[in-house]
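Following: one structure in structure tokens, then a few remarks.
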Amino acid sequence: MPEKDITEIRRDNLRNEAQRLGGSARLADATERSLSQISQLIGDNPTGNIGNRLARDLETALKKPRGWLDNIHHASPGGAKVTGGIFEEGPDLGSLSVIYIVGTTEGGPDGYHADLVYVPSASQEYMEFAAKYPDAYSLRVVGNSMSPWVDEGEVLVIYPSQEVYPGDHVVVRCHSGETMVKKLAWMRDGEVGLGSVADSYGVIVKHLEDMELMHYVAARVPRGSIKKRVL
């Protein structure tokens, strides 16, 4: 059997997600797309292409990890994954480590603002997570202004050492003290465009020289994972 190409894999995953949610209309609601667009993507005779940008946007709307649509999701023995009918070793996630919750994030007037105090040792809240980098930290979400991307009480895991690209969600702090959780729209000529998950807020432009940090948002974790230190 020939291996599926990336378009077929993405389409199959989206169809399976529609079935899990209860149909194409539910998928359209969850992804904030029109039913006609969803039909073009996963209907009996699909005409729409699921490109890289659309795939990442759909994953964000469905609260799936980056790249989820690109992989075949069949259960397989030993934790391996199935690709094109061949068993392959899954990624090495490493051991669990303590990730401190160093602040909170909630909606602001032009998108999403974060109350960030980057002092991990001072935090009493933490969670255990198979982090890729030892300097990872996390922010707890307050309010529902980021829904459906992330819900109140959930935790954003941040990787300061991860390189960022357009389409990634990032924590940005300016030298002025302004701190935001945004979606990186573009980077060019010493400037960056920062958009919010809610498209109605539009894109704001910041100069790189005015920015103190821009950290990659790696994952969203359920509120039940939060623990407290015994002091």
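Do we have any residue at all in the stretch 53-67 that's at pLDDT below 65 and touching a Ser or Thr at 6+ places or on another chain (Cβ under 7 Å)? No, there is no match, as no residue in the stretch 53-67 is at pLDDT below 65 and touching a Ser or Thr at 6+ places or on another chain (Cβ under 7 Å). Restricting attention to the stretch 153-172, and to residues there that are part of a loop (DSSP other than H, G, I, E, B) and in contact (Cβ under 8 Å) with a residue 40 or more places away in the chain, which single residue is surrounded by the fewest Cβ atoms within 10 Å (Cβ to Cβ)? Checked the stretch 153-172; the qualifying residue surrounded by the fewest Cβ atoms within 10 Å (Cβ to Cβ) is E163. If you check S34, S24, S39 for being at pLDDT 85 or above, within 29 Å of Y165 (Cα to Cα) and either among the hydroxyl-bearing types (S, T, Y) or in contact with a helix residue (DSSP H, G or I) (Cβ under 7 Å, 6 or more places away or on another chain) (or both), only one passes: S34. Cβ separations smaller than 8 Å between residues 6+ apart or across chains give the following pairs from the stretch 1-28 residues that are in the same structural domain as D70 (by TED's automatic domain parsing) and of a type in the set (D, E) to residues that are surrounded by 13 or more Cβ atoms within 10 Å (Cβ to Cβ) and at pLDDT 85 or above: E17/L27; E17/L62.
The values are calculated or read from the model by the stated rules, or taken from the named source; none is laboratory data. Being a predicted model, the structure only gives us computed values, none of them experimental. Glycine gets a Cβ as well: all are built from the backbone with ideal geometry, and neighbour counts include every protein chain shown.
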